[in-house]
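A short write-up of the structure that comes next.
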Amino acid sequence: MDTKAFLGVEPKGIHSATNGQWSMVVRTGLVTGGNFLWGGCGLAAAVAAIEELSGRTCVWATAQYLSYARTGETMDIDITLAVVGHQITQARAVCHVGDREILTVNAAVGERPFDYAHSFVKMPDVPPPSALKQREHRTDVSNTIHEKMEERFVIGRELEELDETPNDGRTLMWARIPEVIDGVDTATLAVLGDFVPMGVGQALGIRGGGNSLDNTLRVVRLVPTKWVLLDIHIQGVERGFGHGTVNMFAEDGTFLATASQSCIARMWKEPK
């Protein structure tokens with residue numbers, strides 16, 4: 001299964017070479033504990049549709065989250081290729097449920113010949129996923145996105161260690177989506193890159209996190225890998241908002257992509 005199949009993104013109508021519509025049902029396994037679409041899945045769906053219509057691979061994509069798509073709703077994804085150049089296409093997507101706009105995405109896709117290439121961000125020296133245990137969650141993850149993921153802390157605090165003491169803002173975690181067996185693509189990285197809100201709770205040492213306001217993904221290089229190392233850095237939490245970045249690496253050390261987010265900082269609603 002590839003990521004597009006995992007998300008359930010299907011073409012609804014190709015209107016022209018530069019316009020088309022896709023759709024996806026917000027089903028269990030793609031949602032948060034609050035029963036609304038995981039933000040990274042929304043960005044991933046839009047990017048997958050843009051790549052399909054353009055026939056080009058994502059360079060960067062940014063999403064602004066406006067509302068929530070609830071479990072069971074159908075989200076339509078309207079794609080416009082605004083500028084189609086010889087090597088680069090500039091595109092946008094409007095994702096909506098009926099007349100309710102959920103998120104907007106702008107992206108550039110393409111490939112250019114260039115004689116030089118180098119990654120200046122190096123993967124930290126960490127244990128392999130097989131040497132680490134599964135991350136514990138505060139509630140049952142059944143029917144949520146976390147049921148579909150495996151997450152293993154390298155640097156991270158378990159629930160009983162969240163003592164309201166801030167750390168250096170860094171969380172390191174291996175993650176993967178076992179059902180996606182055709183290799184990591186742009187959409188996979190969009191899903192896995194949506195962990196800044198979790199990093200906010202880890203950084204502050206609180207039983208909390210947040211809701212994403214945005215998500216920007218910048219893709220460096222794609223290589224086959226089952227696991228992705230997420231190196232999460234929270235830069236600051238002020239005025240009720242958290243800001244952070246995530247560097248993503250393949251198991252062989254290849255720097256895959258970087259993502260950045262701002263989120264509304266929130267405490268968890270503890271189960272009664």
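Structure notes:
- When VAL246, VAL219, VAL223, VAL237 are checked against the criterion of being in contact with a His (Cβ under 9 Å, 6 or more places away or on another chain) and within 22 Å of LYS122 (Cα to Cα), a single residue qualifies: VAL246.
- Lone qualifier among ARG157, ARG138 - being closer than 15 Å to GLY201 by Cα, surrounded by 12 or more Cβ atoms within 10 Å (Cβ to Cβ) and modelled with pLDDT of 95 or more: ARG157
- Pairs linking a residue in region 84-112 that is at positive phi to a residue that is in a loop (DSSP other than H, G, I, E, B), with Cβ atoms under 8 Å and 6 or more positions apart or on different chains, are GLY110/ARG56; GLY110/THR57; GLY110/GLY85; GLY110/GLN87.
- Count of residues meeting criterion [among the hydrophobic types (A, V, I, L, M, F, W, C) and surrounded by fewer than 20 Cβ atoms within 10 Å (Cβ to Cβ)] in region 15-45: 3
- Filter pass, LEU192 being under 12 Å from the mean Cα position of the chain (by Cα), within 15 Å of GLU151 (Cα to Cα) and at pLDDT 95 or above: yes
- In region 15-56, residue nearest to ALA257 (Cα to Cα) [restricted to those that are outside any strand (DSSP E or B) and of a type in the set (S, T, N, Q)]: SER54
- Residues of region 81-99 that are in contact with an Asp or Glu (Cβ under 9 Å, 6 or more places away or on another chain) and more than 14 Å from GLU52 (Cα to Cα): GLN87, ILE88, VAL94, CYS95, HIS96, VAL97, GLY98.
- Filter result for the condition that a residue is part of a helix (DSSP H, G or I) and in contact (Cβ under 8 Å) with a residue 24 or more places away in the chain, over LYS4, LYS12: LYS4
- Taking the listed residues VAL180, VAL246, VAL219, the one that is within 13 Å of the chain's Cα centre (by Cα) and in contact (Cβ under 8 Å) with a residue 60 or more places away in the chain is VAL219, with no other qualifying.
- Only a single item in (1) under 16 Å from VAL94 (Cβ atoms); (2) touching a Gly at 6+ places or on another chain (Cβ under 6 Å) is not met by LYS12, and it is number (2).
- The strands (runs of 3 or more DSSP E) falling completely within region 157-234 that include 2 or more residues that are in contact with a strand residue (DSSP E or B) (Cβ under 7 Å, 6 or more places away or on another chain) and over 16 Å from ARG135 (Cα atoms) map to 208-212, 214-219.
- Criterion violated by LEU162 - all others in (1) over 30 Å from ASP2 (Cβ atoms); (2) aliphatic (A, V, I, L, M); (3) touching a residue at least 60 places away in the same chain (Cβ under 8 Å); (4) in contact with a Gly (Cβ under 7 Å, 6 or more places away or on another chain) satisfied: (3)
The values are calculated or read from the model by the stated rules, or taken from the named source; none is laboratory data. Owing to the predicted nature of the structure, the values given are computational and were not obtained by experimental measurement. Glycine gets a Cβ as well: all are built from the backbone with ideal geometry, and neighbour counts include every protein chain shown.
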